[in-house]
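Reviewing the structure listed below.
The values are calculated or read from the model by the stated rules, or taken from the named source; none is laboratory data. Remember, it's a predicted structure, so these values are computed and weren't measured experimentally. Virtual Cβ from ideal backbone geometry, glycine too; neighbours counted across all protein chains shown.
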Amino acid sequence: MIKKYFLFFIIFIIIGVISCQKESSEKSSGLFVIMQGGKYGYIDRTGKVVITPQFDGAWKFSDGMALVKISDR
């Protein structure tokens, strides 16, 4: 019975570590979505615009890429 609880504990710890690593890798791009004049772009951690707002939609970066929308694409 104790081995069963120990196994669940280990699995819980592993899942926690993996989820923390994923979250930190998403934040590592350092770019954040902004909206100006009805268009979306990206700023860095200092607030500097690094990708001029030009998209009709934009989502956060993951693995160095971000999904953006231009018109219906």
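Can you pull out the residues in the range 36-49 that are of a type outside the set (Gly, Ala, Ser), exposed (fewer than 13 other Cβ atoms within 10 Å of the Cβ) and touching a strand residue (DSSP E or B) at 6+ places or on another chain (Cβ under 7 Å)?
Gln36, Val49
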### Message
Cβ contacts < 7 Å: first residue at positive phi, restricted to the range 56-69; second residue surrounded by 13 or more Cβ atoms within 10 Å (Cβ to Cβ) and modelled with pLDDT under 95, any location; separation 6+ or different chain. Result?
### Response
Gly64/Ser29
